[in-house]
1. Got a number for residues in the range 71-81 being away from the ligand (no atom under 16 Å from the Cβ), open to solvent by 30 Å² or more (accessible area, probe 1.4 Å) and not in a helix (DSSP H, G or I)?
2. Can you name every residue in the range 257-280 that is out of contact with any strand residue (DSSP E or B) (no Cβ under 6 Å at 6 or more places or on another chain) and either of a type in the set (Phe, Trp, Tyr) or in contact (Cβ under 8 Å) with a residue 60 or more places away in the chain (or both)?
3. Given the structure, is Gly123 closer than 20 Å to Phe230 by Cβ, at pLDDT 95 or above and either in contact with a helix residue (DSSP H, G or I) (Cβ under 8 Å, 6 or more places away or on another chain) or not in a helix (DSSP H, G or I) (or both)?
4. Considering (1) assigned to a helix (DSSP H, G or I); (2) surrounded by 19 or more Cβ atoms within 10 Å (Cβ to Cβ), say which one Asp86 fails and leave the rest.
5. Which one of these does Asp157 not meet: (1) of a type outside the set (Gly, Ala, Ser); (2) in a loop (DSSP other than H, G, I, E, B); (3) farther than 20 Å from Thr52 by Cα?
6. Those residues that are under 14 Å from Ala285 (Cβ atoms), open to solvent by 70 Å² or more (accessible area, probe 1.4 Å) and within 10 Å of the ligand (Cβ to nearest atom), I need them from the range 46-64; list them, please.
7. Name the residue that is farthest from the ligand (Cβ to nearest atom), counting only residues in the range 159-176 that are over 13 Å from Asp6 (Cβ atoms) and buried (at least 24 other Cβ atoms within 10 Å of the Cβ).
Amino acid sequence: MRHLIDIRDLSVEEIGALLQLAGDIIARPADFADAASRKKLATLFYEPSTRTRLSFEAAMLDLGGHVLGFASSDSSSASKGESVADTIRMVQCYADIIAMRHPKEGAPVVAARHAAVPVINAGDGGHNHPTQTLADLTTIHREFGRLEGLTVGLCGDLKFGRTVHSLVAAMCRYPGTHFVLISPKELCAPDYVTDMMRRRGCSFEEVRSMEAVMPELDVLYMTRVQRERFFNEADYVRLKDSFVLDVPKLAAAKKEMIVMHPLPRVNEISVKVDNDPHARYFEQALYGKYIRMALIIKLLGGF
Ligand code: NCD
């Protein structure tokens, strides 16, 4: 039995196989319509979500499975003080696989320790978000036909942005990745993230403005400043609009450069960019469903 807590729980070969399976599902969805029939997915979301929870649920329904769960801790027994360990002991009696989002870093590891069914981390605090990374890798791979040798700009809240931490952990393993870290000093990537790049022999640069680096990038990965992880509102207000991508800034980009964003967007991408040929963030959300279908098939024991 396997869990997905950290993107590095999957080998590069396994990620390749998931991307291939997601491609097959996109090409021939009817072949997979019963792949999880009579199976149940529990979505335990202790933190807000739109795309991640709904794409997990849509993925399970498209595989012919069923879904149950809760969308906020207020509507679960967590509000009465139940521990994650006890909740998981219950839920594993009712479901074959669990996707869990929690504001505390490490909560999905605790869940996995107590679970007799696969647990998927759907985002833990400011730490990790491996299934968003699978959606990101699907988007990049479908666009460029490869994951190697790309220059990836990561822009915005690199400190608290869990999607960035997981994406770095994944992309570090592909030779020739160059990261351009674009953030205010206060929101720069944690040391453990830059250490990972060093250990893997990835090159990276840290800059404070996106204009100068725009022509270098193959991918510009924008992120929201993570308001809920700030200790004080004044800092959030000061930093929230540090980077705003608009159409004029894209003029300097390579023709094939793509703009990604895990969403939700607040102000960091002007809505005018939505119709720009570089924009891929809505496709990225759609790929999130297909790659989660592939992941569910794999964790439930193959097809
Ligand atoms: C992200 C998350 O929850 O970390 N959203 C998502 O899952 N697509 C990004 C964010 O909330 O900023």
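The values are calculated or read from the model by the stated rules, or taken from the named source; none is laboratory data. All values reported here derive from a predicted model rather than from experimental measurement. Cβ sites come from the backbone with ideal geometry, for glycine too, and all protein chains shown count toward neighbours. In case anyone asks, the SASA skips ligands and DNA or RNA and just uses the protein heavy atoms, side chains included. Shrake-Rupley method; radii C 1.70, N 1.55, O 1.52, S 1.80 Å.
1. 1
2. Residues of the range 257-280 that are out of contact with any strand residue (DSSP E or B) (no Cβ under 6 Å at 6 or more places or on another chain), as a first pass: 257, 262-267, 270-272, 274-277.
Residues satisfying the conditions are Pro262, Leu263, Pro264.
3. On the way: closer than 20 Å to Phe230 by Cβ: yes; at pLDDT 95 or above: yes; either in contact with a helix residue (DSSP H, G or I) (Cβ under 8 Å, 6 or more places away or on another chain) or not in a helix (DSSP H, G or I) (or both): yes.
Yes; evaluated as a whole, the condition is true for this residue.
4. All conditions are met except number (2).
5. Among (1) of a type outside the set (Gly, Ala, Ser); (2) in a loop (DSSP other than H, G, I, E, B); (3) farther than 20 Å from Thr52 by Cα, Asp157 violates only (3).
6. Thr50, Arg51
7. Going through the range 159-176, the residues over 13 Å from Asp6 (Cβ atoms) turn out to be 159-161, 163-164, 171, 174-176.
Still in the running and buried (at least 24 other Cβ atoms within 10 Å of the Cβ): 161, 163-164, 171.
Numbers: Gly161: 7, Thr163: 5, Val164: 9, Met171: 17 Å.
Of everything passing the filter in the range 159-176, Met171 is farthest from the ligand (Cβ to nearest atom).
Residues are listed down the side, and each one gets a yes or a no for (1) in a helix (DSSP H, G or I); (2) open to solvent by 50 Å² or more (accessible area, probe 1.4 Å):
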site	(1), (2)
Arg8	yes, yes
Gln20	yes, yes
Ile25	yes, no
Ala30	yes, yes
Asp34	no, yes
